[in-house]
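What follows is a single structure, written as C-alpha coordinates, with notes after it.
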Amino acid sequence: MPERKPPRGRRTPTRAPRRTFLVVVGAEKTETAYLEGFGKHFRTATVILKEKPCSPDQLVDHARKLSLMADYDEVWCVTDVDHYERQGEKITAALAAAKRAGINVAVSNPCFEFWLLLHHAHCAAHCADCTAVERRLLKPLPKYDKNNLRIDDFLPGVHDAIARARKLPAGGNPSTNVWELVSALLEKR
(Lines give C-alpha, C1' and ligand atoms only; values in the text may rest on other atoms or scores of the structure.)
Protein backbone atom coordinates (compact mmCIF):
# COMPACT_ATOMS: atom_id res chain seq x y z
CA MET A 1 0.00 0.00 0.00
CA PRO A 2 1.46 3.44 -0.94
CA GLU A 3 2.46 5.74 1.84
CA ARG A 4 -0.01 8.62 2.34
CA LYS A 5 1.30 12.12 2.57
CA PRO A 6 -0.21 14.43 5.14
CA PRO A 7 -2.64 17.00 3.71
CA ARG A 8 -1.10 20.24 2.65
CA GLY A 9 -1.51 22.97 5.19
CA ARG A 10 -2.25 26.57 4.39
CA ARG A 11 0.58 28.36 2.78
CA THR A 12 2.07 31.22 4.68
CA PRO A 13 1.40 34.59 3.13
CA THR A 14 4.14 35.83 0.86
CA ARG A 15 3.11 39.45 1.01
CA ALA A 16 4.27 41.59 3.91
CA PRO A 17 1.45 43.15 5.93
CA ARG A 18 0.60 46.71 5.00
CA ARG A 19 2.00 49.43 7.18
CA THR A 20 -0.46 51.27 9.41
CA PHE A 21 -0.51 55.06 9.53
CA LEU A 22 -2.34 57.21 12.03
CA VAL A 23 -3.05 60.53 10.32
CA VAL A 24 -4.62 63.29 12.39
CA VAL A 25 -5.82 66.28 10.36
CA GLY A 26 -6.41 69.71 11.79
CA ALA A 27 -9.41 70.51 9.62
CA GLU A 28 -12.57 68.96 8.30
CA LYS A 29 -13.51 67.61 4.88
CA THR A 30 -10.79 68.47 2.31
CA GLU A 31 -7.77 66.74 3.83
CA THR A 32 -9.84 63.76 4.95
CA ALA A 33 -11.52 63.36 1.55
CA TYR A 34 -8.15 63.50 -0.21
CA LEU A 35 -6.41 61.03 2.10
CA GLU A 36 -9.37 58.60 2.19
CA GLY A 37 -9.62 58.61 -1.60
CA PHE A 38 -5.88 58.27 -1.95
CA GLY A 39 -5.78 55.32 0.45
CA LYS A 40 -8.66 53.53 -1.27
CA HIS A 41 -7.05 53.96 -4.68
CA PHE A 42 -3.47 52.96 -3.91
CA ARG A 43 -4.03 50.48 -1.05
CA THR A 44 -0.34 50.37 -0.15
CA ALA A 45 -0.94 51.18 3.51
CA THR A 46 -3.71 51.16 6.08
CA VAL A 47 -4.61 54.73 6.97
CA ILE A 48 -6.48 55.51 10.18
CA LEU A 49 -7.78 59.08 9.79
CA LYS A 50 -8.89 61.29 12.66
CA GLU A 51 -10.13 64.86 12.37
CA LYS A 52 -9.42 67.35 15.13
CA PRO A 53 -10.08 70.95 14.09
CA CYS A 54 -7.72 72.82 16.40
CA SER A 55 -4.41 74.66 16.48
CA PRO A 56 -1.30 72.78 15.32
CA ASP A 57 0.15 72.42 18.83
CA GLN A 58 -3.14 70.95 20.11
CA LEU A 59 -3.22 68.67 17.06
CA VAL A 60 0.20 67.21 17.86
CA ASP A 61 -0.82 66.66 21.49
CA HIS A 62 -4.00 64.88 20.35
CA ALA A 63 -2.01 62.68 17.93
CA ARG A 64 0.46 61.82 20.70
CA LYS A 65 -2.37 60.68 22.96
CA LEU A 66 -3.99 58.62 20.17
CA SER A 67 -0.67 57.02 19.29
CA LEU A 68 -0.39 55.62 22.81
CA MET A 69 -3.62 53.64 22.36
CA ALA A 70 -2.46 51.45 19.45
CA ASP A 71 0.64 50.43 17.55
CA TYR A 72 1.19 52.40 14.34
CA ASP A 73 4.10 52.24 11.93
CA GLU A 74 3.95 56.01 11.45
CA VAL A 75 2.01 58.85 13.06
CA TRP A 76 1.35 62.04 11.11
CA CYS A 77 -0.36 65.36 11.68
CA VAL A 78 -1.59 67.39 8.71
CA THR A 79 -2.00 71.11 9.29
CA ASP A 80 -2.02 74.48 7.56
CA VAL A 81 -0.06 77.58 8.44
CA ASP A 82 -3.03 79.89 7.78
CA HIS A 83 -2.94 82.36 10.66
CA TYR A 84 -1.32 80.10 13.26
CA GLU A 85 2.24 81.38 12.94
CA ARG A 86 1.04 84.91 13.65
CA GLN A 87 -0.81 83.64 16.74
CA GLY A 88 2.05 82.84 19.05
CA GLU A 89 4.11 80.74 16.66
CA LYS A 90 1.92 77.66 17.04
CA ILE A 91 3.49 75.91 14.03
CA THR A 92 6.95 76.27 15.53
CA ALA A 93 5.70 74.91 18.87
CA ALA A 94 3.89 72.03 17.13
CA LEU A 95 7.00 71.03 15.17
CA ALA A 96 9.12 71.00 18.33
CA ALA A 97 6.54 68.93 20.25
CA ALA A 98 6.16 66.53 17.33
CA LYS A 99 9.89 65.99 17.11
CA ARG A 100 10.04 65.12 20.83
CA ALA A 101 7.12 62.68 20.43
CA GLY A 102 8.37 61.04 17.21
CA ILE A 103 5.42 62.36 15.21
CA ASN A 104 5.70 63.54 11.61
CA VAL A 105 4.01 66.78 10.60
CA ALA A 106 2.89 67.70 7.10
CA VAL A 107 2.53 71.49 6.94
CA SER A 108 1.09 73.44 4.02
CA ASN A 109 1.68 77.17 3.70
CA PRO A 110 -0.75 78.79 3.47
CA CYS A 111 -3.18 75.82 3.27
CA PHE A 112 -3.74 72.22 2.16
CA GLU A 113 -5.30 73.44 -1.08
CA PHE A 114 -1.80 74.47 -2.13
CA TRP A 115 -0.87 70.76 -2.17
CA LEU A 116 -3.92 70.15 -4.36
CA LEU A 117 -2.89 72.96 -6.73
CA LEU A 118 0.51 71.32 -7.24
CA HIS A 119 -1.26 68.31 -8.81
CA HIS A 120 -2.13 70.59 -11.75
CA ALA A 121 0.43 73.38 -11.91
CA HIS A 122 3.72 74.61 -10.55
CA CYS A 123 3.35 77.61 -8.25
CA ALA A 124 6.20 79.40 -6.53
CA ALA A 125 4.55 82.83 -6.21
CA HIS A 126 3.52 84.08 -2.76
CA CYS A 127 -0.03 83.10 -1.80
CA ALA A 128 -1.68 85.64 0.49
CA ASP A 129 -4.16 83.17 1.97
CA CYS A 130 -6.25 80.10 1.25
CA THR A 131 -8.74 82.10 -0.82
CA ALA A 132 -5.92 83.09 -3.19
CA VAL A 133 -4.86 79.45 -3.53
CA GLU A 134 -8.42 78.34 -4.19
CA ARG A 135 -8.74 80.97 -6.95
CA ARG A 136 -5.60 79.54 -8.59
CA LEU A 137 -6.94 76.00 -8.21
CA LEU A 138 -10.18 76.96 -9.97
CA LYS A 139 -8.25 77.70 -13.19
CA PRO A 140 -7.36 74.06 -13.93
CA LEU A 141 -10.40 72.75 -11.99
CA PRO A 142 -13.36 75.09 -12.55
CA LYS A 143 -15.71 72.73 -10.68
CA TYR A 144 -13.47 72.36 -7.62
CA ASP A 145 -15.44 72.34 -4.37
CA LYS A 146 -13.53 71.90 -1.12
CA ASN A 147 -16.63 70.43 0.53
CA ASN A 148 -17.05 67.82 -2.20
CA LEU A 149 -13.53 66.88 -3.25
CA ARG A 150 -13.28 64.41 -6.11
CA ILE A 151 -10.09 62.36 -5.71
CA ASP A 152 -10.13 61.51 -9.43
CA ASP A 153 -9.30 65.17 -10.11
CA PHE A 154 -5.97 64.68 -8.32
CA LEU A 155 -4.79 61.09 -8.71
CA PRO A 156 -3.23 61.53 -12.17
CA GLY A 157 -1.06 64.39 -10.89
CA VAL A 158 0.23 62.85 -7.65
CA HIS A 159 3.78 62.27 -8.89
CA ASP A 160 3.89 65.74 -10.49
CA ALA A 161 2.75 67.27 -7.19
CA ILE A 162 5.50 65.42 -5.31
CA ALA A 163 8.15 66.65 -7.75
CA ARG A 164 6.86 70.24 -7.67
CA ALA A 165 6.61 70.35 -3.87
CA ARG A 166 10.14 68.99 -3.43
CA LYS A 167 11.55 71.91 -5.46
CA LEU A 168 10.04 74.58 -3.19
CA PRO A 169 11.97 76.03 -0.25
CA ALA A 170 10.85 74.34 2.98
CA GLY A 171 8.77 76.53 5.25
CA GLY A 172 8.38 79.37 2.76
CA ASN A 173 5.21 80.76 1.27
CA PRO A 174 4.15 78.82 -0.65
CA SER A 175 5.35 75.41 0.50
CA THR A 176 4.10 72.02 1.59
CA ASN A 177 5.69 68.83 2.79
CA VAL A 178 2.52 66.77 2.32
CA TRP A 179 4.61 65.11 -0.38
CA GLU A 180 6.55 63.33 2.40
CA LEU A 181 3.35 61.75 3.77
CA VAL A 182 2.10 60.83 0.30
CA SER A 183 5.48 59.33 -0.63
CA ALA A 184 5.45 57.27 2.57
CA LEU A 185 1.93 56.05 1.79
CA LEU A 186 2.99 55.06 -1.74
CA GLU A 187 6.03 53.15 -0.55
CA LYS A 188 5.65 49.41 -0.82
CA ARG A 189 7.47 47.24 1.69
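Which members of segment 25-45 meet the condition of being of a type in the set (Phe, Trp, Tyr) and surrounded by fewer than 16 Cβ atoms within 10 Å (Cβ to Cβ)? Before you say what the answer is, go through the steps one by one.
Of the residues in segment 25-45, the ones of a type in the set (Phe, Trp, Tyr) are 34, 38, 42.
The one that is of a type in the set (Phe, Trp, Tyr) and surrounded by fewer than 16 Cβ atoms within 10 Å (Cβ to Cβ): Phe42.
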Any residue in segment 111-119 that is more than 19 Å from Leu35 (Cβ to Cβ) and in contact (Cβ under 8 Å) with a residue 12 or more places away in the chain? no
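Which one is nearest to Val182 (Cα to Cα) among residues in segment 131-150 that are in contact with an Asp or Glu (Cβ under 8 Å, 6 or more places away or on another chain) and surrounded by fewer than 21 Cβ atoms within 10 Å (Cβ to Cβ)?
Top of the filtered list is Lys146.
Please determine, by comparing only the residues of segment 72-124 that are of a type in the set (A, V, I, L, M) and surrounded by fewer than 14 Cβ atoms within 10 Å (Cβ to Cβ), which one is nearest to Lys50 (Cα to Cα).
As a first pass, look at segment 72-124 and keep what is of a type in the set (A, V, I, L, M): 75, 78, 81, 91, 93-98, 101, 103, 105-107, 116-118, 121, 124.
So of that shortlist, the ones also surrounded by fewer than 14 Cβ atoms within 10 Å (Cβ to Cβ) come out as 96, 124.
On the way: Ala96: 21, Ala124: 30 Å.
For segment 72-124, the residue satisfying everything is Ala96.
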Take the residues of segment 46-68 that are in contact with a Ser or Thr (Cβ under 8 Å, 6 or more places away or on another chain) and surrounded by fewer than 20 Cβ atoms within 10 Å (Cβ to Cβ): which is nearest to Lys90 (Cα to Cα)? Glu51
Residue that is in a helix (DSSP H, G or I), out of contact with any Gly (no Cβ under 7 Å at 6 or more places or on another chain), modelled with pLDDT of 95 or more and closer than 20 Å to Asn173 by Cβ, where the choices are Leu137, Leu66: Leu137
Neighbours by Cβ (under 9 Å, 6+ apart or cross-chain): first from segment 5-28, outside any loop (DSSP other than H, G, I, E, B) and at pLDDT below 95; second among the hydroxyl-bearing types (Ser, Thr, Tyr) and surrounded by 10 or more Cβ atoms within 10 Å (Cβ to Cβ): Arg19/Thr44; Arg19/Thr46; Arg19/Tyr72
Among the numbered conditions (1) under 23 Å from Lys146 (Cα atoms); (2) within 13 Å of the chain's Cα centre (by Cα); (3) hydrophobic (A, V, I, L, M, F, W, C), tell me where Phe42 comes up short. (2)
Six or more apart or on different chains, Cβ under 7 Å: which pairs go from a residue in segment 44-66 that's small (Gly, Ala, Ser) to one that's assigned to a helix (DSSP H, G or I) and at pLDDT 95 or above? Could you list them? Ala45/Leu185
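The values are calculated or read from the model by the stated rules, or taken from the named source; none is laboratory data. Because the structure is predicted, anything quoted here is derived from the model rather than measured. With ideal geometry, Cβ positions are generated from the backbone for all residues, glycine too; neighbour counts draw on all protein chains shown.
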